[in-house]
């Protein structure tokens, strides 16, 4: 049986979704580990935004959706819940797209998903977030913030591929 006849959009999508969820969790754990060396919540906010008074992009995204769709301003408690939801929703969606792409263009899995993680960082953190007004432009942040984000996304890409591949083989 050749590779083309074993392609399945649904299996690729399912494997990618699982990979995206697990990769989002791994990225979260990696970020916690990275930040645990430097000072907790204030540093986390500063690393994520460059300014300890600025909200993270996940909170800004959740607020924009809530206000734009539901005409509702989020409470502090709702922001605490919504920010991780946005993180996991974006990661799961990226994993789904990646899993589907891997079915039809296996080269996207080259180097165990690490280039995917790098591309994800460049497209989302360095491109989409500033363009949507959810983050400042790349030059507004110190190199340490870029290193943190880039390393986090490499962990995401590697984890997404390892999990995607295992799930896809099991299907």
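Rule-based calculations on the coordinates, nothing more; no lab input. Just so we're clear, the structure is a prediction, and the values are computed from it rather than from any experiment. Neighbour counts run over all protein chains shown; Cβ positions are idealised from the backbone, glycine included.
Relative to the longest principal axis of the C-alpha atoms of the chain, give the angle of the C-alpha long axis of helix 57-70, reported between 0 and 90° and rounded to the nearest 10°.
Roughly 90 degrees between the two axes.
Viscosity 1.567 mPa s, temperature 4 °C: what is the translational diffusion coefficient of the range 23-170 from Stokes-Einstein with a Kirkwood Rh over Cα pairs, rounded to a whole number of µm²/s?
This corresponds to a translational diffusion coefficient of 81 µm²/s.
Rounding to the nearest 10 and keeping the result within 0 to 90°, find how far the Cα-based axis of helix 40-49 lies from the longest principal axis of the chain.
Taking the Cα atoms of the chain, the angle to 40-49 is about 80 degrees.
With an 8 Å Cα cut-off and a minimum separation of 6 or more residues, compute the relative contact order for the chain in percent.
The value is 40 percent.
Mind checking the full-extension length gain between residue 105 and residue 8? Use 0.36 nm per residue of separation minus the Cα-Cα distance, one decimal, nm.
That works out to 33.7 nm of additional length.
How do 75, 58 line up, fewest other C-beta atoms within 10 Å first?
75, 58
How much length, in nm to one decimal, is gained on full extension between residue 80 and residue 37, taken as 0.36 nm per residue of separation minus their Cα-Cα distance?
Answer, rounded to one decimal: 13.2 nm.
Using only Cα atoms, find the angle between the long axis of helix 76-104 and the longest principal axis of the chain, and express it within 0 to 90 degrees, rounded to the nearest 10.
30 degrees
How large is the helix-only mean residue ellipticity at 222 nm for the chain, computed as the sum of -39500 (n - 2.57) over DSSP H runs with n ≥ 4, divided by its residue count, in deg cm²/dmol to the nearest 500?
It lands at -23000 deg cm²/dmol.
Relative to the present Cα-Cα distance, how much length would full extension add between residue 146 and residue 54 at 0.36 nm per residue of separation?
Contour length minus Cα-Cα distance gives 31.5 nm.
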